[in-house]
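Each remark here refers to the structure printed beneath this line.
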Amino acid sequence: NLHEAALVNYPAMNLNLDDSKMVFTSWLTPDAKGAKAYLHTPCVTPWRTVLVTDDARKVLASNLILNLNEPCKYTDTSWIRPVKYVGVWWEMISGKSDWAYTQQFPSVILGETDYTKAQPSGRHAANNANVRRYIDFAAEHGFDQVLVEGWNIGWEDWAGNLKERVFDFQTPYPDFDIKALNEYAHAKNVRLMMHHETSSSVMNYERYMDRAYKLMNLYGYNAVKSGYVGDIIPRGEHHYGQVMVNHYLEAVKRAADYKIMVNAHEAVRPTGLCRTYPNLIGNESARGTEYQAFGGSKPGHTAILPFTRLQGGPMDYTPGIFEMDCANGSHVNSTICGQLALYVTMYSPLQMAADFPENYLKHPDAFQFIKDVAVDWDRTLYLEAEPMAYITAARKAKSSDKWFVGCVAGNTPHKSQLSLSFLDKGRKYEATIYTDAPDADYRTNPKAYRIERRTVTSSTRLSLTAVAGGGYAISIVPKQ
């Protein structure tokens, strides 16, 4: 396993493979002028890491990347908490709804375009009634937060235009009452999660950043999902170059001044900096669930990411899709049980139940696992692993005696003879086992599953099968 750690004020390393000679060549992401980096000596470069083992489980269990980063820089971390959330997101990703309020404006100028005179398209998802529906769902089912994308003006004219003044991160659309919705959420013990899509206009974001964080403080937001879709402005810079590496970290540090957690999407891949700056609670920085709505991801994708991308830190993969056929015609290449397993195999203290509320209500028995599964852990064991083929993980919930197990399978089925020897000896537990049905198929029959409840002990062995592109999940709770 090849990686890097503690990437600070330096461009990210890339590897090219000559697959005839099996030789890697490394190179650094250049800046707009083609230079690698500008450094003021004395300086510190990132670590390069190599893990070599004959047991793939040891790669997943390694803390090498985290341990090569400096200890936490904050004296108070009480405001940094794990989050399980739902959100107004998959509607737009899957083609059901829009981020934009209107289809009337081909061009938007902040401060001049008058949205009060615009004709609503009827497809804007971040409207008061719909957001309240998600808040109600979150409150009823025990979720901490509701992400809302598309709440702020400018989405009619944002992506791919190399436009500098895209968003102001402050002004809501006419049908999004930021004050009333936050009060409604807080009354139900739920928070809204802020969304800052920058459209990669980084200079613009840095101008507004403090004002945007102050707005979050005003309305009680404590977490932000930021996005960097498109080509970088300053023009010619790259997502993985020194300028942007510095920007991502600066955003995290400034957010900490306002006690805000950051979940950065399209940012540089993590290199363990969440140890030093733990309000970096999540990142995307790889093909997440959204790519299932962009033509689909291949089976095995989620069985390789923990060996690669997740080595550097937690991933906001946004799992939990139950309805595999998207409004835009794409198909999610997974079974429902394969989606459940991701809450255990894809580590993150920030976990989303990404599908629509109504799709969960069609399968309340399977949805129960998402409601039950923890997002913070005391102990993790990797029971089986082979890159691209399968991963089986068991995790013990923090300050609890509950265990959760997840297994994802790649392009072929995987059979487990699963020992529960990690459980306390002499103790009985109730296991709820969610497995792919024998006729489940990620292409043609993805919603076929079975649920079994049985008493287990540390001497129990379970024979379980995950179909190709599928998986299984288990919750294990001590009996009184």
Review point. Is region 127-139 home to any residue that is in contact (Cβ under 8 Å) with a residue 60 or more places away in the chain and either among the small types (Gly, Ala, Ser) or open to solvent by 10 Å² or more (accessible area, probe 1.4 Å) (or both)?
Key: yes
Check your understanding: Quick check: anything in region 158-168 in a helix (DSSP H, G or I), farther than 18 Å from THR116 by Cβ and open to solvent by 20 Å² or more (accessible area, probe 1.4 Å)?
Key -> no
Practice item. Filter region 287-314 for residues that are assigned to a loop (DSSP other than H, G, I, E, B) and open to solvent by 30 Å² or more (accessible area, probe 1.4 Å) and give the result. Key: ARG287, PHE294, GLY295, LYS298, ILE304, THR308
Exercise for review: Scan region 100-136 for residues that are out of contact with any Phe, Trp or Tyr (no Cβ under 8 Å at 6 or more places or on another chain) and among the hydroxyl-bearing types (Ser, Thr, Tyr) and jot them down.
Suggested key: SER107, THR116, TYR134
Revision key, fill the gap. Scanning region 192-248 residue by residue, those at positive phi, touching a residue at least 60 places away in the same chain (Cβ under 8 Å) and surrounded by fewer than 20 Cβ atoms within 10 Å (Cβ to Cβ) turn out to be GLY236
Revision key, fill the gap. Checked against (1) under 30 Å from GLU140 (Cα atoms); (2) in contact with a Lys or Arg (Cβ under 8 Å, 6 or more places away or on another chain), MET13 satisfies every condition except (1)
Exercise for review: Could you list, in sequence order, all residues of region 347-386 that are part of a loop (DSSP other than H, G, I, E, B), crowded, with 21+ Cβ neighbours inside 10 Å and among the hydroxyl-bearing types (Ser, Thr, Tyr)?
Suggested key: SER348
Check your understanding: Is it the case that some residue within region 174-191 is among the aromatic types (Phe, Trp, Tyr), closer than 20 Å to ARG254 by Cα and in the same structural domain as ALA139 (by the TED database)?
Key -> no
Study note, to complete from the structure: Given (1) exposed (fewer than 14 other Cβ atoms within 10 Å of the Cβ); (2) within 15 Å of the chain's Cα centre (by Cα), ASP76 misses just (2)
Check your understanding: Has region 398-421 got at least one residue that is part of a strand (DSSP E or B), within 29 Å of PRO82 (Cα to Cα), open to solvent by 50 Å² or more (accessible area, probe 1.4 Å) and touching a Ser or Thr at 6+ places or on another chain (Cβ under 9 Å)?
Key -> no
Review point. Taking region 352-372, which residues are within 24 Å of VAL477 (Cβ to Cβ) and in contact with an Asp or Glu (Cβ under 8 Å, 6 or more places away or on another chain)?
Key: MET352
Point to revise | Tabulated pairs, region 285-302, first farther than 13 Å from GLY329 by Cα, second assigned to a helix (DSSP H, G or I) and aliphatic (A, V, I, L, M), C-beta under 8 angstrom, 6+ apart or interchain | key: ALA286/LEU305; GLU290/ILE93; THR302/LEU342
Revision key, fill the gap. Expected single match for open to solvent by 60 Å² or more (accessible area, probe 1.4 Å) and aliphatic (A, V, I, L, M) among ILE93, ILE109 is ILE109
Review point. Among the residues of region 140-161, which ones are in contact (Cβ under 8 Å) with a residue 60 or more places away in the chain and small (Gly, Ala, Ser)?
Key: GLY142, GLY150, ALA159, GLY160
Check your understanding: Scanning for something touching a residue at least 60 places away in the same chain (Cβ under 8 Å), within 22 Å of the chain's Cα centre (by Cα) and either open to solvent by 40 Å² or more (accessible area, probe 1.4 Å) or farther than 30 Å from PHE322 by Cα (or both), does region 25-33 turn up at least one residue?
Key -> no
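The values are calculated or read from the model by the stated rules, or taken from the named source; none is laboratory data. Model, not experiment: these values are computed from the prediction. Because the Cβ atoms are built from the backbone with ideal geometry, glycine has one as well, and the counts that use them run over all protein chains shown. What goes into the accessible areas is simple: the full protein's heavy atoms, side chains included, and nothing from ligands, DNA or RNA. Shrake-Rupley method; radii C 1.70, N 1.55, O 1.52, S 1.80 Å.
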